[in-house]
Amino acid sequence: DGKRIGRDADFPEDIGLIIETPGFLPRLSGIRNLEILAALKRKITLRQAADAMRRVGLDPLSSKPVGKYSLGMRQRLGIAQAIMEEPSLLILDERELFLSLKNEGLTILLASHNIADIDALCDTVCEMDAGVMTLL
């Protein structure tokens with residue numbers, strides 16, 4: 001949004017991200033976890049959180065606790081959490097979802113060493129070396 005991190009802002013205001021493995025409350029359902037997270041900013045409704053779950057292939061009506069989710073289900077719940085507030089910047093790694101969101105006009109910052117993903121998903125490619133970013 002035209003701001004420089006460290007100068008104009010400490011952290012992007014409108015961002016969705018997953019860093020490493022997302023952490024959820026294992027005894028609660030997926031939708032209950034998202035409901036708690038959505039309450040932090042009070043930006044979206046429970047229906048919007050449920051829509052995000054459906055978008056990544058999870059059933060928001062399921063009472064199954066997150067602790068019983070497979071690794072893939074937990075990753076998809078993490079993606080639902082990252083996209084549920086419709087951020088203007090998204091940082092995560094999930095190729096098919098990226099293509100869909102890219103086609104909707106979302107700016108996505110992808111950190112990857114996978115050339116196939118970079119070729120398929122990226123409009124602009126930069127390289128980081130020793131903390132210095134260069135445009136390729």
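Readers should treat all values here as calculations from the given coordinates under stated rules, not as data from a laboratory. In this text, all values refer to a predicted model and were calculated from it rather than measured experimentally. Positions of Cβ are backbone-derived with ideal geometry, glycine not excepted, and every protein chain shown enters the neighbour counts.
Evaluate the Debye formula for the chain with equal point scatterers sitting on the alpha carbons, no solvent, and hand back log10 of I(q)/I(0) at q = 0.13, 0.20 Å⁻¹, in q order, two decimals.
-0.62, -1.24
For helix 30-41, what angle does its Cα long axis make with the longest principal axis of the chain, in degrees from 0 to 90 and rounded to 10?
60 degrees
Normalise the Cα radius of gyration of segment 59-136 by 2.2 N^0.38 Å (N = residues in it) and let me know the number.
1.32
Which far-off residues, 5 or more places away or on another chain, put their amide H under 5 Å from the one on residue 29, with H placed in the peptide plane?
Here the answer is 66, since their amide H atoms fall under 5 Å of that of residue 29.
Tilt of helix 46-55 relative to the longest C-alpha principal axis of the chain, in degrees (0 to 90, nearest 10)?
Approximately 70 degrees, to the nearest ten.
Of the listed peptides 22-31, 103-112, 4-13, what is their order by residue-averaged count of other C-beta atoms within 10 Å, with the highest listed first?
Values: 22-31: 17.6, 103-112: 11.8, 4-13: 9.3.
So the peptides 22-31, 103-112, 4-13, ranked by packing, come out 22-31, 103-112, 4-13.
In whole Å, how far is the Cα centre of segment 102-136 from that of segment 42-59?
27 Å
Roughly how many debye, to the nearest 20, is the charge dipole of the chain about its Cα centre, given +1 on each Lys and Arg Cβ, -1 on each Asp and Glu Cβ, and no other charges?
Approximately 860 debye in magnitude.
Report ³J(HN,Hα) in whole Hz for each residue of segment 98-110, in order, from the Karplus equation J = 6.51 cos²θ - 1.76 cosθ + 1.60 where θ = phi - 60°; Gly and Pro get x.
Here the 3J(HN,Hα) series is 4, 4, 4, 5, 4, 5, 8, x, 6, 7, 10, 9, 10 Hz.
Reachable aspartates and glutamates from residue 41, Cα under 20 Å, same-chain residues fewer than 8 places away excluded?
Answer for residue 41, where 20 Å is the Cα cut-off: 1, 10, 13, 14, 51, 85, 86, listed by chain and number.
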